[in-house]
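The values are calculated or read from the model by the stated rules, or taken from the named source; none is laboratory data. Just so it is clear, the structure is predicted and the values come from calculations on it, not from any experiment. Here the Cβ positions follow ideal geometry from the backbone for every residue, glycine too, while neighbour counts run over all protein chains shown.
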Amino acid sequence: MEYPTELQSLLGVKYPVIQAPMAGATNADFVISVCEAGAVGSLGAAAIKPEKLEEAIRQIQARTDQPFNVNLFSPIADKALPLLSSRPQIRYLLERYHEEFDLGDVLEPIAMYGPFEEQLDVLVRAAVPIISFHFGVTEEIVRHAKSNSAIVMCTATSVSEAIDLERKGVDIVIAQGVEAGGHRGSYLNSYTDGLIGLIALLPQIKDSVKVPVVAAGGIMDARGIIASLALGASGVQMGTAFLGCDEAPVSRVWKDKLEETYPEQTRITDMISGRHARGVVNRLMSDLESTDESPLDYPAQYSVSRAVREYAHRDGDSELMVMWAGQGARLVKRVPVSDFVGQTMKDVISFFSTKK
């Protein structure tokens, strides 16, 4: 095991840490603070329209000369937006919420993400140094992303996905253990095939591909980083751990909830968005899961609850928020980004120094 790692050399970053690109929980200021602390800041850009995305990238480039990442959700086959009337139980549940909180008429599905091709064009034109994808990629996407010298990363939840990503030209594979918060990156098979713990998944992916592997899922502090490097990772991706930081653009209520959430109080569900994702169990998740209906196609399912979720964030109602979080949530630290990254990496470096 070597430190500095292959990831640090490839990305030109001080520390082998990537802040996960959590869509809806990142912004330009947050990314800059992470980059300036010596880690890779990541902008979750799936829901950012091209003109706003271009503006955010300009802000980042103007205020840091450190490498940063922008993440997109790979395009899913275009489908006509379904009508909520096709899910009467889900509609009735939302009607109850809208009546209880005076939110007006229940909203029909809308297209939340993309357009992917235009978003990717923005990243290429802006010469974003690192581009990452979730939900798989095609060889054409990888070629386009690399056409202006970007390093390309993508998530794998199984060994077969990691091998497929390397074959398609991806430079770095992110091994996503079942412990991870947010959406599962599975794309080749059923999501159940990717429900593998990081300790089992990481070394098998490492032994199956030649590109650097980044560990993700439940990593909250130096102990998780040290263990990941010992298992063959070149670095780690941390999401929930960064949500506790002062600069993270999420509500105080969400941060408070993370501190009191035990591992068993998070759950993977497809009823929030239409794709399987891990979050904190609350009233919204439980009520949606109590229906006998399957969810609308992703992300239509996510969009129909948008008025409820917006109300919850305005009012600080944690029972109706969507709070994506990994199984390590309770280990979150409420400190500035610079303190979190600095102290964590001090502990990592100290460990390796004593082993020499």
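Structure notes:
- Applying the criterion of being among the polar types (S, T, N, Q) and surrounded by fewer than 21 Cβ atoms within 10 Å (Cβ to Cβ) to the residues of segment 149-183, the residue that is nearest to A329 (Cα to Cα) is S160.
- Looking only at residues of segment 318-344 that are assigned to a helix (DSSP H, G or I) and hydrophobic (A, V, I, L, M, F, W, C), we find that the one that is surrounded by the most Cβ atoms within 10 Å (Cβ to Cβ) is A329.
- Selected residue [within 15 Å of the chain's Cα centre (by Cα), among the β-branched types (V, I, T) and closer than 26 Å to L43 by Cβ] from V236, V253: V236
- Residues that are farther than 29 Å from K346 by Cβ and in contact (Cβ under 8 Å) with a residue 24 or more places away in the chain were ranked within segment 196-223; the one that is nearest to the chain's Cα centre (by Cα) is I196.
- Checking each residue in segment 204-223 for being under 15 Å from I174 (Cβ atoms) and assigned to a helix (DSSP H, G or I) picks out Q204, I205, K206.
- When residues in segment 184-212 are screened for being acidic (D, E) and either within 20 Å of Q19 (Cα to Cα) or surrounded by 22 or more Cβ atoms within 10 Å (Cβ to Cβ) (or both), 0 of them pass.
- Subset tally (residues that are more than 19 Å from the chain's Cα centre (by Cα), in a helix (DSSP H, G or I) and touching a residue at least 24 places away in the same chain (Cβ under 8 Å)) for segment 147-191: 5
- Matching option when the condition is over 26 Å from M238 (Cα atoms), at pLDDT 95 or above and outside any loop (DSSP other than H, G, I, E, B), among R91, R58: R91
- Restricting attention to segment 1-53, the residues that are surrounded by fewer than 22 Cβ atoms within 10 Å (Cβ to Cβ), polar (S, T, N, Q) and part of a loop (DSSP other than H, G, I, E, B) add up to 2.
- When K355 is tested against (1) touching a helix residue (DSSP H, G or I) at 6+ places or on another chain (Cβ under 8 Å); (2) farther than 21 Å from A47 by Cα, exactly one condition is not met: (1).
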